[in-house]
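Take a look at the structure set out below.
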Amino acid sequence: MSPADGDYAQLLDDYSHFAPPEEGEILQGHVLKVTATEVIVDFGYKSEGLVPIHDFQDASGQAAVQVGETVDVMVDRSGGTVEGYVLLSHRKARRIRAWENLEQAFSKGLTISGRVLGRVKGGLAVDVGVQGFLPASQVHTRPVHNLDSFVGQDIPVKLIKINRRRGNVVISRRLAIEEEESARKGYILDQLFEGAVLQGVVKNLTDYGAFIDLGGVDGLLHVSDVTYGRIKHPAEVLQVGEEVAVKVLKFDRSKERISLGMKQIAPDPWEAAEATFPIGSRVVGHVVSITDYGAFVELHAGVEGLIHISEMTWSRRMKHPSKVVRVGDQVECVVLEVKPGERRISLGMKQLEADPWTTVGDRYAIGSVVEGRVRKLTEFGAFIEIEEGVDGLVHVSDLSWTKRVQHPSEVVKKGQLVQAVVLHIDPVNRRLSLGIKQLQPDAWEAYCKAHQIGDIVHGRVCRNSHFGSFVELAPGVEGLCHQSEIAPQRERKKGEGLLPIGDEFDFKIVKMNEAEKRIGLSLRAAGDEVERTRLDAYQRHAAAATLSIEEVMNTRGTTER
């Protein structure tokens with residue numbers, strides 16, 4: 001710019017101070033003085049003006065203006081001049097300026113600030129330079145039940161409708177909030193990555209976790225990721241409004257899904273589990289859960305061990321862990337196995353006491369009589385608990401000497417207190433053989449000692465088979481009379497079988513095997529024996545009679561001589 005051009009510009013500037021302002025022109029003035037009724041303003045044009053003090057008063061009646069401040073004014077044509085001062089209006093200038101600003105903000109979609117003046121029908125009255133209407137539905141993104149709480153607050157709003165001619169302005173705080181949240185959300189999403197540790201605020205609690213506000217975007221903190229310890233509900237650890245540190249576990253940018261964790265910030269207690277809980281050590285914990293197969297014990301926050309049902313007691317008869325422990329109980333255990341990689345610790349309670357099988361041979365001798373309760377019946381025998389943790393088996397063949405037992409329930413009942421004889425002890429395989437029939441003498445043994453082959457015995461027919469008849473010789477002792485040993489000439493009624501059941505006969509013992517408990521009988525041989533005995537008796541009687549006749553004859557001959 002040449003010196004001539006500079007002089008011309010200065011001349012125009014000087015001239016503008018003398019040219020009167022245009023109609024409705026807004027002027028920039030500087031406050032020179034503030035009195036109780038007026039404000040003196042230098043508005044240019046080599047002139048000063050007066051503005052009524054009420055143009056600057058706020059809702060409380062206080063004048064919000066200070067000396068040296070720059071304010072908008074316009075000439076009040078209706079007022080003329082007062083003692084050399086031009087009458088000015090700050091209120092009109094401010095209103096025109098406000099409309100200009102509103103129209104500009106509306107066209108550009110800008111967010112502006114407004115002060116809530118009060119509640120009106122259907123919403124709130126808000127000062128945005130002019131009075132605007134804020135519908136109740138546009139106050140917040142969620143329903144608001146107490147609109148009075150906003151009175152006197154400065155709030156961000158966006159213009160949704162403006163009509164300068166009618167003086168109509170409709171605004172929305174909801175759109176301003178959504179725009180702010182969207183911008184904040186976009187910024188947060190740009191900063192997110194898996195593994196990032198962030199600060200957030202607990203926004204909401206549910207049964208399955210907590211929603212954490214990360215500053216415009218929410219992430220889900222699952223209940224299993226709150227702490228290494230066992231909790232049923234996140235409210236046990238968290239509170240709504242609480243600020244927490246969280247770690248981003250998973251982030252799906254396309255779906256805007258964020259999975260968070262709190263416990264992942266702290267060291268994993270399982271990493272030191274092997275050193276903290278060495279095998280064989282005794283530990284104390286609390287029972288936190290019971291299942292059909294055992295009980296879970298919390299040894300440390302986030303570290304639980306399982307006491308299997310088989311490791312609770314040396315007894316085999318326990319049906320459910322709840323018979324020994326309950327949730328909340330403090331228990332002492334022995335560490336049996338530690339697998340940090342699988343997050344498993346096996347515990348035992350019975351190991352706190354000596355295994356009774358290790359000394360069972362010292363406490364019981366073969367042939368001794370023991371007493372116990374029948375705990376279980378099977379097809380092959382009955383299990384009898386003679387002490388805690390020690391069960392013995394009475395095989396079905398050792399229940400009775402005389403009775404053919406098909407099932408142990410024919411002799412004993414579950415829960416019955418019985419005596420038995422110790423037959424065999426196997427501590428290594430944890431087996432103990434017992435017998436009940438051994439409490440009584442063997443009827444077969446006594447019978448076989450009292451009889452031998454060739455004896456004639458008396459018996460009662462008890463049952464028949466296709467090959468012969470079974471005969472009861474004594475209580476618990478039976479013999480078999482084969483069909484070939486029954487006299488063929490004997491007449492039998494139809495349907496009677498080989499021998500009539502219940503009839504008694506004399507039999508001859510033709511076979512005897514004590515070890516196999518078998519006795520062979522013969523009805524035919526017994527009959528022959530009887531006939532032979534009768535014949536012998538007859539012959540002896542006849543011989544005796546002949547001898548007597550000879551003696552008489554000899555006596556008579558002697559007399560005659």
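All of the numbers you see were taken from the coordinates with simple rules; none came from a lab. If you're wondering where the values come from, they're calculated on a predicted model, not measured in any experiment. Because the Cβ atoms are built from the backbone with ideal geometry, glycine has one as well, and the counts that use them run over all protein chains shown.
Determine which lysines satisfy two conditions relative to K121: a Cα distance under 25 Å, and not lying fewer than 8 residues away in the same chain.
Partners within reach: K158, K161.
Given 0.36 nm per residue, what is the gain on full extension from V170 to T359 after removing their alpha carbon distance, in nm?
So the chain would gain 58.6 nm between V170 and T359.
Say each of E179 and D127 gets a label point 7 Å from the Cα, pointing the same way as Cα to Cβ; how far apart are those two points in nm?
2.3 nm
Per residue of the stretch 183-200, what does 6.51 cos²θ - 1.76 cosθ + 1.60 with θ = phi - 60° give for ³J(HN,Hα)? Whole Hz please, x for Gly and Pro, Karplus curve as stated.
Using θ = phi - 60°, the values come out as 5, 5, 4, x, 5, 5, 4, 5, 8, 7, 7, 5, x, 5, 9, 10, 9, x Hz.
Label the stretch 443-528 by shape, choosing from rounded, prolate and oblate, from the square roots a ≥ b ≥ c of the eigenvalues of the Cα gyration tensor; if a/c is under 1.5 it is rounded, and otherwise prolate applies when a/b is larger than b/c, oblate when it is not.
It comes out prolate by the Cα gyration axes.
Considering the dipole of the stretch 109-178 built from charges on the beta carbon (Lys and Arg +1, Asp and Glu -1) around the Cα centre, which of P135, S149, G114 is farthest to its positive end?
The residue sitting most towards the positive pole is P135.
Using the count of nearby Cβ atoms within 10 Å as a rough guide to exposure, how do M312, M318 rank from fewest to most?
Ascending number of Cβ neighbours within 10 Å: M318, M312.
Strictly over 19 Å apart at the Cα level, which of K449/K517; K319/K414; K323/K350; K232/K339; K185/K250; K108/K185 would you flag in this model?
K232/K339; K108/K185
Among (1) 1.50; (2) 1.55; (3) 0.95, which is the computed Rg/Rh (Cα atoms, Kirkwood Rh)?
(2)
Just want the ordering: C448, C462, from fewest to most Cβ atoms lying within 10 Å of their own Cβ.
Fewest-to-most Cβ neighbours within 10 Å comes out as C462, C448.
Step through the residues of the stretch 516-527 one at a time and calculate ³J(HN,Hα) from phi using the Karplus curve (6.51 cos²θ - 1.76 cosθ + 1.60, θ = phi - 60°), rounding each to whole Hz and writing x for Gly and Pro.
8, 6, 10, 10, x, 10, 9, 6, 5, 5, 5, x
Nearest 5 percent is fine: what portion of the DSSP beta bridges confined to the chain is antiparallel?
Close to 90 percent.
Over the chain, calculate the relative contact order: mean separation of alpha carbon pairs under 8 Å at least 6 apart, over the residue count, as a percent.
Worked out over the chain, it gives 5 percent.
Counting only DSSP beta bridges with both residues in the stretch 192-265, tell me the antiparallel percent, nearest 5.
Here the share of antiparallel DSSP bridges comes out near 90 percent.
Using the number of other C-beta atoms within 10 angstrom as an exposure proxy, rank V39, V418, V67, V226 with the fewest first.
V67, V418, V226, V39
Given charges of +1 on the Cβ of Lys and Arg and -1 on the Cβ of Asp and Glu, with all other atoms neutral, how large is the dipole of the stretch 443-528 about its Cα centre, in debye to the nearest 20?
Charge dipole, the stretch 443-528, about its Cα centre: 240 debye, nearest 20.
Please give the Cα centre distance for the stretch 175-238 versus the stretch 371-442, rounded to the nearest Å.
Computed from Cα coordinates, the inter-centre distance equals 66 Å.
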